[in-house]
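Everything on this sheet refers to the single structure shown next.
Bear in mind that the values in this text are calculations on the coordinates, not laboratory data. Quantities reported herein were computed from a predicted structural model and do not represent experimental measurements. Neighbour counts are summed over all protein chains in view; Cβ atoms, including those assigned to glycine, are modelled from backbone coordinates with ideal geometry.
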Number of protein chains: 2
Amino acid sequence: MGPLEFEPGLDYAHRLDEEDELASFREAFVFAEADMIYLDGNSLGRLPRRTVGRLRTAVEQEWGRDLIRGWNAGWWEASARVGEKIALLLGAGPGQVVVSDTTSINLFKLAMVALEMRAGRDRIVSDVLNFPSDLYILQGCIRLLGDSHQLHLVPSEDEMTVDQETLFDAIDERTALVTLSHVVFKSGFLYDAEAVTERAHEVGALVLWDLGHSAGVVPVELDRWDVDLAVGCTYKYLNGGPGAPAFLYVRRDLQEALSPIWGWFGQRAPFDFDLEYDRAEGIAHFLVSSPPILSTLALEPALDVVLQAGIDRIRHKSVHLTSYLIYLVETVLVPLGFVLGSPTDPAQRGSHVSIRHREGYRISQVLIEEMGVLPDFREPDNIRLGLAPLYTSFAEVWEAVDRIRRVVAERRYLRYFPGKRLGVT
Amino acid sequence: MGPLEFEPGLDYAHRLDEEDELASFREAFVFAEADMIYLDGNSLGRLPRRTVGRLRTAVEQEWGRDLIRGWNAGWWEASARVGEKIALLLGAGPGQVVVSDTTSINLFKLAMVALEMRAGRDRIVSDVLNFPSDLYILQGCIRLLGDSHQLHLVPSEDEMTVDQETLFDAIDERTALVTLSHVVFKSGFLYDAEAVTERAHEVGALVLWDLGHSAGVVPVELDRWDVDLAVGCTYKYLNGGPGAPAFLYVRRDLQEALSPIWGWFGQRAPFDFDLEYDRAEGIAHFLVSSPPILSTLALEPALDVVLQAGIDRIRHKSVHLTSYLIYLVETVLVPLGFVLGSPTDPAQRGSHVSIRHREGYRISQVLIEEMGVLPDFREPDNIRLGLAPLYTSFAEVWEAVDRIRRVVAERRYLRYFPGKRLGVT
């Protein structure tokens, strides 16, 4: 699908919505402000309707009435049970995914595991486009290990993509671990995870993918790609709610490796209360301690919606939505001074599109405060438009571009004086 | 208050309730099964009524309507804001407590900090009564540091208390860190935290207290006692809900130390997205990444209830309740073969009381399934009765003991065949 296949005009967008197989999934979500166009599902997914009832039950019945008995009625197993639902979206067979802690904590655990398993090697390869928290975690691991490793960040020529040849050249026999965001947070650039994993394995390195921006929106085939390790969050396209617990994946044959953090949820028989740690078999010993149950339970009906839609249909619509948006950006916004900050090739793109403008910050503020469009902004000039196939319509995409056009064409942003910056995640 | 000050009979219990200044706080909590006597608030506190509404607002308005804007309307600061409320209960001045991760993860972070700060020393002192997850974390830290440290567990002669002299003898110039549960989970034994902290400091060791079973029910004076480090959970006497996020305390002058886990919530200016970690000032850099917002917000109204009651009144009632329970145990249950598993001196006791019986497991099962009493059971023979001063009444204590008496006197437990064990936390 290229730009030429689309037509201008709102009527056309409505036609695309009529043909959209997933259009009815919009009804699975809460729309409290009917007119507001939400383009930040890549940061925090909308509230699924079913989640409202699930949380009421969890609070008022499971906690309020059942009290401690809740642990025997589904809470104890929740991390594994919800993990298996996520596994279905990641092409991971059973027993390899659990819900646990935060993405950063999980990255810490798995990066430490990888560096121990490749103890003779002193290099971690990542890129300058990776989410900074991931890089901070790796820097912390390196310090903890006595500064014995180097973190090599592959550069980006265009601040948008990483050249595969350059990356491959950086992965060599010194490399213990290659860790990247499958979809990068600023530009939406999508790695060929299978090819990168294969390259890493050629030289004996391990691979750890951060799936935060791909889980639930881009097909992931962890088993088929032979991925070693992965982490990700659940509050973006999985719609788990603010700060929802994260997940981790450890390929079955690597699960003998020891996590650096030993807690009682990873103990073989936690209720024996032995004084010595004896780790559980399988993925369980990567758990640490009591998970946030309300947030974990909230995630379950949200995942059911994604599973029901199916990742292939979601990806199909995602590519259609982002391609349509790029067509509109190129025909409507580029003439107004915008520069596309995302790859034009859909095979290199996740589900958000960046548009850059030197007045990006003020433009995004006016969109939020006056125009009923909610994108997010990333320094220095980057407006990110996240398209969530389960609830973003083609008409919303058209309307959002039209409102952006008006802000710039009418120079509305000149009236906006930067005050408090919106610190969206 | 000793056993002799009490009288037998339910009427007397009702009189104690009439005189109870905190009796009205019971109305602040949900009682879904009016007849059920809940004695497991030491594991999972009851649901505060205000929490129900707070969570609905958080879900339906903040997430459902405000969406990503929630991060600018209180979510981002929630970990610090809720932390300051907990600080009020711990005698900690501002800027030293944050809500973060789980107790075990926080223990990992702070134990690693302590071991680095006392790098020349090779010993960690704890005790055999400590919660096993705490010991597992320490064992994991030791392995991570190349098995260069020893974990010395001070024994308990009576499986209930630790002799202070024995503990003090174990703390010496080799000791890097002393880490203990302020109130131990099995027996409710309460350490003299001030004296232990002083002893540790005499020899230059650091102290890390796990306040899980004391926060919100036993007065804690972290600043006055000159405590170095502390962690704790919020789902027991703080009534934060299942798996509610934990807290950590780092004394102000130790906050320069580097946490082993570096995440973007601990970064000086996280929204600059710098590629190098530059840690935030103060306690903030002990945060890692996005906290579970729903669970964090649920905690806030729960803490307000505790703050309103006041820790001194709570402690006063707690001592009264546990002393009364021990009086009843000694007069009613000891003749039936029970052995008290908690200290008789209230100065050595938190807010739960253990009673031991060789048929403890079957007795506890019959209590739960037939008698409307919900205690918890710990291997091998330990029934724990948790008394939560904000909602446990004296009449409930009397009634619970009477039901336990009937289970044993009528040998009801003989009809119970052990099946699935209740794995309460």
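Based on every Cα atom in segment A:104-259, Rg and the maximum pairwise Cα distance Dmax equal 14.4, 41 Å. Placing +1 on the Cβ of every Lys and Arg and -1 on the Cβ of every Asp and Glu, with no other charges, gives the protein assembly as shown a dipole of roughly 1260 debye about its Cα centre. Put simply, the amide H of B:D376, placed in the peptide plane, has neighbours under 5 Å in B:R384, B:G386, leaving out anything fewer than 5 places away on its chain. Estimated at 0.36 nm per residue, the fully extended path between A:E281 and A:T331 surpasses their Cα-Cα distance by 12.4 nm. Think of the axis that spins chain B onto A; the B residue whose C-beta lies nearest it, and the distance in whole Å, is B:P292, 2. With kT/(6 pi eta Rh) evaluated at 4 °C and eta = 1.567 mPa s, and Rh the Kirkwood radius from Cα pairs, segment A:1-46 diffuses with a coefficient of 100 µm²/s according to Stokes-Einstein.
Can you give the helix-only mean residue ellipticity at 222 nm for chain B, where every DSSP H stretch with n ≥ 4 adds -39500 (n - 2.57) and the sum goes over all residues, rounded to the nearest 500 deg cm²/dmol?
It lands at -10000 deg cm²/dmol.
Across A:G282, A:G212, A:G146, mean-square fluctuation computed from a Gaussian network of chain A (C-alpha pairs under 10 Å connected) peaks at A:G146.
The value for segment B:30-71 of Rg(Cα) / (2.2 N^0.38 Å) is 1.64.
Here the ratio of the Cα radius of gyration of segment A:94-174 to 2.2 N^0.38 Å is 1.19. Each Lys or Arg adds one and each Asp or Glu subtracts one; over the other residues with Cβ under 12 Å from the Cβ of B:S126, this totals -2. In order along segment A:76-86, the Karplus-derived 3J(HN,Hα) couplings, from 6.51 cos²θ - 1.76 cosθ + 1.60 at θ = phi - 60°, round to 4, 8, 4, 4, 7, 5, 5, x, 5, 5, 5 Hz, and Gly and Pro are given as x. For segment A:148-155, putting each phi into the Karplus relation 6.51 cos²θ - 1.76 cosθ + 1.60 with θ = phi - 60° gives couplings of 8, 10, 10, 9, 9, 9, 5, x Hz, in residue order, rounded to whole numbers and with x for Gly and Pro. Across peptide B:363-371, the mean count of Cβ atoms from other chains lying within 10 Å of each residue's own Cβ comes to 0.
Taking the three principal axes of the alpha carbon atoms in chain B, the coordinate ranges are 69, 57, 42 Å, sorted in descending order.
What the Cα convex hull of the protein assembly as shown gives, in volume per residue, is 148 Å³. Distances between placed amide hydrogens fall under 5 Å for A:V178 paired with A:V125, A:L206, A:V207, A:L208, all partners being 5 or more residues away or on another chain. A label point on B:D402, set 7 Å along the Cα-to-Cβ line, lies at 7.4 nm from each of its counterparts in the other copies, closest listed first. Taking every residue in A:96-109 and counting other chain Cβ atoms within 10 Å of its Cβ, the average works out to 4. Seen from every direction in turn and averaged, the convex hull around the alpha carbons of segment A:304-425 projects onto 7.8 nm². Taking the fewest neighbouring Cβ atoms within 10 Å as the starting point, the ordered list for A:S148, B:S259, B:S351 is A:S148, B:S259, B:S351. Taking every alpha-carbon pair within segment A:68-140, the share separated by more than 14 Å comes to 71 percent.
Amide H contacts of A:V154: A:S126, A:D127, A:V128, each under 5 Å away and 5 or more positions distant or on a separate chain (H built 1.01 Å from N in the peptide plane; Pro and chain starts excluded). Over all pairs of different C-alpha atoms, segment B:373-414 has a mean inverse distance whose reciprocal, the Kirkwood radius, equals 11.5 Å. Charge tally for A:D223 (other residues, Cβ to Cβ under 12 Å; Lys, Arg +1; Asp, Glu -1): -2.
Lysine pair count for the protein assembly as shown with Cα-Cα distance under 24 Å and sequence separation of 8 or more or different chains is 17.
Here, segment B:21-103 is characterised by an Rg to Rh ratio of 1.04, where Rg is the alpha-carbon radius of gyration and Rh the Kirkwood radius. With the label put 7 angstrom out from Cα along the Cα-to-Cβ vector, A:L254 ends up 3.4 nm from the copy partners, going from closest to farthest.
The GNM of chain A, with springs linking C-alpha atoms under 10 angstrom apart, assigns the highest mean-square fluctuation among A:D172, A:D210, A:D147 to A:D147.
Across the identical copies, the label point of B:E77 (7 Å from Cα in the Cβ direction) is separated from its matches by 4.3 nm, in order from shortest. Compute a Gaussian network model of chain B, connecting alpha carbons closer than 10 Å, and tell me which residue from B:A284, B:A80, B:A119 fluctuates the most. Maximum fluctuation in the GNM of chain B, among the listed residues, is at B:A119. Along segment B:396-407 the Karplus relation, 6.51 cos²θ - 1.76 cosθ + 1.60 evaluated at θ = phi - 60°, assigns HN-Hα couplings of 5, 4, 4, 5, 4, 5, 5, 5, 4, 4, 5, 4 Hz to successive residues, with x for each Gly and Pro.
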